[in-house]
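Take a look at the structure set out below.
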Amino acid sequence: MGYNSRMRLAPFLVLLVACQDNKVGVYNTPPAVSIVSPADGAALDPGTLVELLGAANDSQDAPTALAVVWESSIDGVLGTDPPDGDGNVYFATDRLTSGDHVITLTAVDTDAESASTSVAVSVAPGSNTEGSPTIVLLGPTDGQVFTASEAVNLVAAVTDGEDAFDALSVEVIDVPDGSLWTGGPTATGSLTVPLTLTPGAHHLTVNAVDSDGNTGTAAVSFEILADGRPTVAIDTPADSAVFDFGEAVSFRGVVGDDETAVELLGLTWASDTVGVFGTNPADSSGATSTAYALPVGIHTVTLTATDATGLTGSDAIVITVEDPLDRDDDGDGYTENGGDCDDADLRSNPGATDLCDDIDNDCSGYVNDADWDTYELNESASTARNLDEIDASFGWSNSSLTLSGLTFSADTDEDWFQWDADDEIWDNISITVTASGLPARGSYVLELYDGDGNLVDSDSGTSSLSVNHEGELFDDDEDDWSIRIYPTTWPASSCSSTFSVTIRS
């Protein structure tokens with residue numbers, strides 16, 4: 001038995017030794033190439049834009065690592081642009097020489113392995129016959145799968161035997177999302193359309209119609225996977241809304257999730273300037289809301305939802321919070337914080353010229369101050385202009401003072417003046433005050449007051465007024481006097497009209 005066992009093991013040992021002497025080799029394979037367009041045997045008119053579309057892939061190298069070349073048997077090398085990440089190879093030319101061409105696409109991998117394929121193309125006047133547009137879809141490709149966060153772009157080339165590119169009408173239709181885009185190709189016949197699609201299986205059709213009503217069609221099927229993140233949408237306020245400082249802004253959003261109950265989602269409302277300002281959970285319908293008074297500025301407000309697995313979804317809006325005093329409500333170029341004293345009236349602002357009207361045009365704080373006389377402000381007994389002594393001599397004498405260039409700059413303007421009559425024990429005071437040259441079409445009042453503020457005499461009327469007082473002999477309590485003159489009816493636009501007052505005492 002021992003001998004027979006050794007005899008049976010001998011061939012196995014020989015084989016084992018032989019296997020130990022052999023090494024495993026790695027063999028490179030050449031690329032795989034194909035031409036999608038133009039079709040073999042295509043007939044073209046001279047000057048026609050010929051779009052060369054092919055595919056080049058390799059089992060060892062990425063498509064972008066391959067070196068490719070388009071060649072014509074008549075015109076030589078046409079193009080050498082490398083494939084894209086999916087292996088698509090594209091080149092367009094309208095310069096093929098008349099004649100029978102063999103168009104060859106060659107690809108070479110990094111180990112210098114190569115492969116080629118060819119189609120025959122005839123270029124001759126009158127070769128084309130009227131027909132439908134041709135559409136070559138470059139992406140998406142059949143069976144391609146995208147995640148919900150990936151960008152999906154339709155990339156295609158459209159040609160027609162007779163019509164220029166701007167005469168073609170293209171529509172992109174998706175099942176289940178419906179019509180996605182209508183328009184025309186670029187000046188070179190290319191189409192690039194960003195697509196917004198719902199998760200799930202999609203069948204996309206591209207229709208191109210020429211000026212004769214002929215329709216060309218191409219279609220592709222692919223899938224978009226749901227990524228499992230919570231869905232988030234801010235309902236209010238609207239994007240770009242504007243609010244006043246101090247106003248509590250009401251925010252409302254709706255959230256959802258395929259795995260986590262909406263009441264259990266972690267929610268945050270946040271501003272890029274102040275951080276998180278709300279964490280109220282959603283109700284059973286997914287609605288969530290909060291209110292907050294944001295500071296002055298431009299805010300990007302984001303509602304973020306986090307599910308039980310840590311996946312997050314968000315939506316954002318931009319709102320502006322303004323100080324209402326920084327807003328130019330009347331459109332005159334000035335705000336209240338910028339000095340506008342009446343932001344509801346564009347006639348009033350710091351840059352306006354003061355006019356003879358009933359408003360403070362230049363926001364100086366006064367009405368018609370450009371037409372004030374030299375004695376302003378003297379609007380009350382406490383602000384009366386002091387004229388000092390008007391009787392400068394001794395004994396029974398008389399002195400006078402005339403005030404010229406007086407104006408009434410508004411219907412509320414008053415002029416008050418006070419003086420010292422220099423009464424002595426034996427002085428017999430005699431006072432006469434005359435106002436003359438008062439603006440026409442107005443009515444006025446002139447009043448005389450003693451030092452105790454008692455009204456001694458008054459006169460009212462139009463162009464000229466006068467008040468008087470005869471003092472008592474040996475009365476030494478007749479030193480101080482004042483007058484008040486004001487309009488009861490003020491003629492508009494008479495700010496610069498002047499009058500005079502003469503005081504004798």
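Structure notes:
- Among the residues examined, A164 qualifies as free of Cβ contacts under 8 Å to residues at least 12 places away in the same chain and of a type outside the set (V, I, T).
- Subset of the stretch 381-438 [modelled with pLDDT under 85, farther than 12 Å from S505 by Cβ and of a type in the set (G, A, S)]: G395
- Considering residues of the stretch 90-110 that are assigned to a loop (DSSP other than H, G, I, E, B) and more than 13 Å from A67 (Cα to Cα) only, the residue modelled with the lowest pLDDT: D94
- Yes/no for L138 being surrounded by 13 or more Cβ atoms within 10 Å (Cβ to Cβ), in a strand (DSSP E or B), of a type in the set (A, V, I, L, M) and not assigned by TED's automatic domain parsing to the domain that holds I74: yes
- The set of residues in the stretch 149-179 that are among the aliphatic types (A, V, I, L, M), under 28 Å from the mean Cα position of the chain (by Cα) and more than 25 Å from E51 (Cα to Cα) contains only A151.
- Residue list for the stretch 72-101, filter: touching a His at 6+ places or on another chain (Cβ under 6 Å) and among the hydrophobic types (A, V, I, L, M, F, W, C): I74
- Of all residues in the stretch 356-365, those satisfying the criterion of being in contact with an Asp or Glu (Cβ under 9 Å, 6 or more places away or on another chain) and either more than 13 Å from D413 (Cβ to Cβ) or assigned by TED's automatic domain parsing to the domain that holds D415 (or both) are I359, D360, N361, D362, C363, S364.
- Residue in the stretch 449-462 that is modelled with pLDDT under 95 and among the hydroxyl-bearing types (S, T, Y) present: yes
- Count of residues meeting criterion [modelled with pLDDT under 90 and assigned to a strand (DSSP E or B)] in the stretch 147-158: 1
- The criterion of being over 30 Å from G286 (Cβ atoms), in contact with a helix residue (DSSP H, G or I) (Cβ under 7 Å, 6 or more places away or on another chain), touching a residue at least 40 places away in the same chain (Cβ under 8 Å) and surrounded by 18 or more Cβ atoms within 10 Å (Cβ to Cβ) holds for T407.
- Filtered residue count, the stretch 50-83, keeping only those that are in a loop (DSSP other than H, G, I, E, B), of a type in the set (A, V, I, L, M) and surrounded by 16 or more Cβ atoms within 10 Å (Cβ to Cβ): 1
- The residues of the stretch 229-273 that are farther than 18 Å from T306 by Cβ and either outside the structural domain of A305 (by TED's automatic domain parsing) or surrounded by fewer than 13 Cβ atoms within 10 Å (Cβ to Cβ) (or both), listed by number, are T236, A238, D239, S240, V242, G246, A248, S250.
The values are calculated or read from the model by the stated rules, or taken from the named source; none is laboratory data. Model, not experiment: these values are computed from the prediction. Glycine also receives a Cβ, built like all others from the backbone with ideal geometry; neighbour counts cover every protein chain displayed.
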